[in-house]
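Please read the structure below before turning to the comments.
Every read-out reported here was derived from the displayed coordinates using simple, explicitly stated rules and does not represent laboratory data. Quick caveat, the model's predicted, so the values are computed rather than measured. So basically every Cβ, Gly included, is an ideal-geometry build from the backbone, and we count neighbours across all protein chains shown.
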Amino acid sequence: MEALDLKIVMLIIGFMMIVAGCFCIMRTYHMIKIIIGIEVAMKAVTMFIIMAGHMNGHMGLAQAYVVTAIVIEVVVAVVLAGITIGLYKKYGNMDIRNLTQLKG
């Protein structure tokens, strides 16, 4: 497979991952599935950053951005997991429609 074909395949897979993540976010009311959708979409963004760095010859800069993106992704996942645990303790389920009833 040529290098151009491989880049096109990677672009298609990345866009499919973003679409799958966004579909998972929009289609469900379950917090765990929403967190998984965000993670899938962010992994595709990470792949795009690495691919762009490879194509431009700036792999060091791309790796620095990827490390930053991974840290932000982990922080978002941990905060959402904390909200999910609190939601489950209060209501006994992980339905995001219950978030509108919270006060604080």
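I'm told LEU11 meets every condition in (1) over 14 Å from the mean Cα position of the chain (by Cα); (2) closer than 30 Å to THR100 by Cα except one. Can you identify the failing condition by its number?
Among (1) over 14 Å from the mean Cα position of the chain (by Cα); (2) closer than 30 Å to THR100 by Cα, the lone unmet condition for LEU11 is (2).
Of the residues in region 94-104, how many are polar (S, T, N, Q) and in contact with a Leu (Cβ under 8 Å, 6 or more places away or on another chain)?
Of the residues in region 94-104, 1 are polar (S, T, N, Q) and in contact with a Leu (Cβ under 8 Å, 6 or more places away or on another chain).
Inspect all residues belonging to region 32-53 and state whether any of them is within 25 Å of VAL19 (Cβ to Cβ) and in contact (Cβ under 8 Å) with a residue 60 or more places away in the chain.
Narrowing region 32-53 to residues within 25 Å of VAL19 (Cβ to Cβ): 32-53.
Retained after the next criterion (residues that are in contact (Cβ under 8 Å) with a residue 60 or more places away in the chain): 32, 34.
Yes, there is a match, as at least one residue in region 32-53 is within 25 Å of VAL19 (Cβ to Cβ) and in contact (Cβ under 8 Å) with a residue 60 or more places away in the chain.
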